Amino acid sequence: MEATETAQNLTLLIAEDDDGHADLIQEHLREAGMLNPMVRFRDGLEAFAYLSSPSLDPGRSYLLLLDINMPRMDGMEVLRRLKGSPATRNIPVIMLTTTDDPREVAACYGLGCNFYLVKPMGFDALAETLQCLGRFLLTLQVPRP
Amino acid sequence: MPAHPPLALLDRAALGLAQVRGRRFVWANARWAETLGVTPGTLAGADVRLYHLDQDAYEAFGREAYRTMAERGRYAGEVRMRRVDGTPFWARLCGSLVVPGEVEGGAFWSLEDVTARVEAQELQAEGLALNQKLIASSATGILLLRAVDGCCVLANEAACRMLGEDRAQLLEGSFRRRPAWLRSGLADAVEAALAGPAEQRLELSVALEGAAPVWLDLQLVPFTSRGERLLLVMMVDVSERMQAGLELRRTEKAREALLEELKQKNKELETLVHVASHDLRSPLVNIQGFSQRLGKGLDELRRRLEQPGTPEALGEALLPLLQERLPAALGYIRASGAKMDAIINGLLRLSRAGRMVLRTEVLDMDHLLLSAAASMAFQFQSVEGDLQLEPLPPCLADPAQIAQVFSNLLDNAIKYRDPARPLQVRVSGWREGPTAHYVVADNGLGVPAGQQDRIWEIFQRLDPTGPAPGEGLGLTLVRRMVERNGGRVSVSTPDGPGCRFQVELPAG
């Protein structure tokens, strides 16, 4: 059995190149009651470098919210590398992106993403979705890497 | 002892023999009589002129024959004569005077019927003349070349014309020294044909001095005659055909290039639509997300200002802003965002319909329409509409796309129904040759005659302020999908109210 931690011990990683999106995501997750630490990366490479560094706190668990279209390294590549390495394979990855193209969705699941969430259009839809996600994450038990 | 033993011998000779004096037979042998068709032994005393064609012909012959015999001692000639029954024949007559130098003494004659030989010669001469005439007047260019010196021994008019030279030029000198022949490869081809046993057939472009090149279809026939190697060259000017062929190939190539370009452009356009619509979503998330935040901020401000303790002047100044003007401004931003959202979604759906890989199969259209009707049963019920499905022929198409096509058409019928009467929709179909026809007819608002082309355009709604919601994409998608499946769709106005969509697809 892998050791699991309750959500309090979770650090949320957000790979999102759009400042506005990152701001909205964090706002709505906080509003849903997530008080966990959140770290934001402006592109895929930053996120991958952070997750593959040996300085990750072994006492904490991590969950990555991953956008697809990003400069330097896109989300698919980050996902492929994380899920391809035994050290990072267990970090849950939730794709959070504007793309709802069924082929991209299928490709991400094929690479091993744990969930695929489309940033919805609509005045309230994004807030609702993100707050649901926040409440879901609060109940989650996440294995340590 | 017989009185005239030599005469008996002469009488049996295979050659006609006779003695004539003063235009009368003195004697004629059996062969002579036979040749003229008279009974042997009856010619003595007969007038020789009876057996010539006429008096004039005899006079002409007689004058010449006796003059020749007088001068040279003997005469030989071929003469047209006639038998006793009047039929003419060719005779070879040889004569010599009985007494040399004395015409009055008469002459000895021999006679041979040479009709067969003369006629054969005539026929041969006629054939030769015909051949020459044919060669001269033939539209096919004809040359006869001699291997030994490369000279042309025969050239007809057409050959001169095609090769751009007059006959004298053409008959002079060797083909091995003609610049145009050497340049075009004609000289090589002729040389090769002269060396080989077999007939050659080839097409060549010959560039003449100061003239446009001609394309010649050449037939080279080598043969040997009296120990001499010859080549018969027959040529047809096919410049026009070649020109037309080249033109056609050029046109075809241009068309292919154009098609390829069109395909490429289409692909580019679809990619562009896809990328653009996708990338537009990202800023839209911000517009909508932050509008919401602003809205919440306004609510909070208003709530605070409405609380007791707020200076009255401040409340009076700010509340109209917070209660009316700013929410109205946000309302516009929201509505515009929603509209952009709809447009982007539409573009994405359209580009996906174009990019999707088709899975073509035989579709049971009765089944497909029943499913579509079942999934829309609620909508039909809620408007108290009636949907009537008639038996439909199968077609060959992608099931998902065709289901979408008919759902959109049915949805359209519901959206654009006429509130003045209960909606009736009828789906019917038939097969005609390789095509399956389907008709979705309703009794709704219909499409005004002048607007029938516009309904297929993207984001077009005939009445954007009308009660029917939508992004103006349904029929654009219908057309796109039907056309991708190798079909056609059209709309017409029936005699009664409503409209009639006709879909044609490859029959299954």
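Nothing in this text is a laboratory measurement; each read-out follows from the coordinates by a stated rule. Not measured: the values here are computed from a predicted model. We place every Cβ from the backbone using ideal geometry, glycine too, and count neighbours over all the protein chains shown.
Of the peptides B:346-355, B:324-333, how do they stack up when ordered by the mean number of other Cβ atoms within 10 Å, highest first? It would help to have the intermediate numbers written out before the result.
Details: B:346-355: 19.1, B:324-333: 13.1.
So the peptides B:346-355, B:324-333, ranked by packing, come out B:346-355, B:324-333.
Sorted from largest to smallest, which semi-axis lengths in Å does the alpha carbon gyration tensor of segment B:244-355 give for its equivalent ellipsoid, taking the root of 5 times each eigenvalue?
Details: eigenvalues 681, 26, 13 Å².
In descending order the semi-axes read 58, 11, 8 Å.
Between B:R72 and B:R226, what FRET efficiency follows from the Cβ-Cβ distance if R0 is 25 Å, with the result rounded to 0.05? Mind showing how you got there, number by number?
Values: r = 35 Å, r/R0 = 1.40.
Rounded to the nearest 0.05, the efficiency is 0.10.
As I understand it, the dipole of segment B:180-231 uses +1 on the Cβ of Lys and Arg and -1 on the Cβ of Asp and Glu, about the Cα centre. Which of B:G210, B:F223, B:A192 lies farthest toward its positive end?
Farthest along the dipole direction, towards plus: B:F223.
If each DSSP helix of 4+ residues adds -39,500 (n - 2.57) and the sum is divided by the residues in chain B, what number results at 222 nm, nearest 500 deg cm²/dmol?
Details: 15 runs with 234 residues, N = 508.
Mean residue ellipticity at 222 nm (helix-derived): -15000 deg cm²/dmol.
Only Lys, Arg, Asp and Glu count, each charged at its Cβ (+1, +1, -1, -1), so figure out the dipole size of chain A about its Cα centre, rounded to 20 debye.
Working: 13 positive and 20 negative charges, 128 e Å.
My answer is approximately 620 debye.
I need the per residue convex hull volume for segment B:122-213, using only the alpha carbons, in cubic angstrom as a whole number. Before the final figure, lay out each step's value.
On the way: hull volume 11.1 nm³, N = 92.
About 121 Å³ per residue, rounded to a whole number.
Convert each backbone phi in segment B:181-193 into a coupling constant with the Karplus relation 6.51 cos²θ - 1.76 cosθ + 1.60 (shift: θ = phi - 60°), then list the ³J(HN,Hα) values in order as whole Hz, x for Gly and Pro.
5, 5, 4, 7, x, 5, 4, 4, 5, 5, 4, 5, 5
Using a 7 Å offset from the Cα along the Cα-to-Cβ direction at both B:T87 and B:S490, what is the distance between the two label points in nm, to one decimal?
Placing both labels 7 Å beyond Cα along the Cβ direction yields 8.1 nm.
Find the Cα radius of gyration of segment B:361-506, compare it with 2.2 N^0.38 Å by division, and give the number to two decimals.
Numbers: Rg = 14.3 Å, N = 146, 2.2 N^0.38 = 14.6 Å.
That ratio works out to 0.98.
Could you list, by residue number, the cysteines of chain A that have no other cysteine's beta carbon within less than 4.7 Å of their beta carbon?
By the Cβ distance rule, which asks for a partner under 4.7 Å, the isolated cysteines are A:C132.
When only C-alpha pairs under 8 Å and at least 6 residues apart count, what is the relative contact order of chain B, in percent?
Values: 790 pairs, mean separation 35.5, N = 508.
The normalised contact order for chain B reaches 7 percent.
If all Cα-Cα distances of chain B are sorted into 10 Å bins from 0 onward, what percent lands in each bin, rounded to whole numbers?
All Cα pairs considered, the percentages come to 3, 11, 11, 8, 7, 9, 9, 8, 6, 5, 6, 6, 4, 2, 1, 1, 1, 0, 0.
For B:G429, what residues show an amide H to amide H distance below 5 Å, using hydrogens built from the backbone and excluding near sequence neighbours?
The answer is B:V439.
Provide, for segment B:244-355, the number of lysine pairs with alpha carbons under 26 Å apart, each pair being eight or more places apart or on different chains. Kindly include the intermediate steps, with their values, before the conclusion.
Details: B:K253/B:K263; B:K253/B:K265; B:K253/B:K267; B:K296/B:K339.
Lysine pair count for segment B:244-355: 4.
Counting other beta carbons within 10 Å of each residue's own, what order do B:E432, B:E390, A:E16 fall into, fewest first? If you can, show how the numbers build up before the last one.
Values: B:E432 10, B:E390 13, A:E16 25.
Lowest to highest Cβ neighbour count: B:E432, B:E390, A:E16.
Once Lys and Arg get +1 and Asp and Glu get -1 on their Cβ, which of A:P86, B:Q243, A:G59 lies farthest toward the positive end of the dipole of the protein assembly as shown?
So the residue we want is B:Q243.
Using bins 10 angstrom wide from zero, how does P(r) for the protein assembly as shown break down, in % of all Cα pairs?
Over the protein assembly as shown, the share of Cα pairs per 10 Å bin runs 3, 10, 11, 9, 10, 9, 7, 7, 6, 5, 5, 5, 4, 4, 3, 2, 1, 0, 0 percent.
If you take each beta carbon of peptide B:276-282 and count the beta carbons of other chains within 10 angstrom, what is the mean?
Mean shielding by partner chains, rounded to a whole number: 4.
Kirkwood Rh, segment B:203-277, all Cα pairs: how many Å?
Result for segment B:203-277, one decimal place: 17.0 Å.
Please compute, for peptide A:19-25, the average count of beta-carbon atoms on other protein chains lying within 10 Å of each residue's beta-carbon. Mind showing how you got there, number by number?
On the way: counts 1, 7, 5, 0, 4, 7, 2.
Neighbouring Cβ atoms belonging to other protein chains average 4 per residue here.
Averaged over its residues, how many other protein chain Cβ atoms are within 10 Å of peptide B:287-294's Cβ atoms?
6
For chain A, what's the relative contact order in percent, using C-alpha pairs closer than 8 Å and at least 6 residues apart? Walk me through the intermediate numbers first.
Values: 256 pairs, mean separation 48.3, N = 145.
About 33 percent, as a whole number.
Looking at the protein assembly as shown only, what percent of DSSP beta bridges run antiparallel? Nearest 5 please.
Details: 81 of 102 bridges.
In the protein assembly as shown, DSSP labels about 80 percent of beta bridges as antiparallel.
Among B:G309, B:P283, B:L258, which residue has its Cα positioned farthest towards the positive end of the charge dipole of segment B:244-355, with +1 placed on the Cβ of Lys and Arg, -1 on the Cβ of Asp and Glu, and the dipole taken about the Cα centre?
B:L258
Based on alpha-carbon positions alone, could you give the equivalent ellipsoid semi-axes of segment A:52-106 from the gyration tensor, as √(5λ), descending, whole Å? Intermediate values should be presented prior to the final figure.
Numbers: eigenvalues 104, 26, 23 Å².
Whole-Å semi-axes of the equivalent ellipsoid: 23, 11, 11.
About its Cα centre, what dipole magnitude does the protein assembly as shown give when the only charges are +1 on Lys and Arg Cβ and -1 on Asp and Glu Cβ, stated in debye to the nearest 20?
Values: 72 positive and 84 negative charges, 271 e Å.
With only Lys, Arg, Asp and Glu charged at Cβ, the dipole is about 1300 debye.
Kindly provide the pair-distance distribution of segment B:5-114 built from C-alpha pairs, with 10 Å bins from 0 and whole-percent values in order of increasing distance.
The distribution over segment B:5-114 is 15, 51, 31, 3, given as percents.
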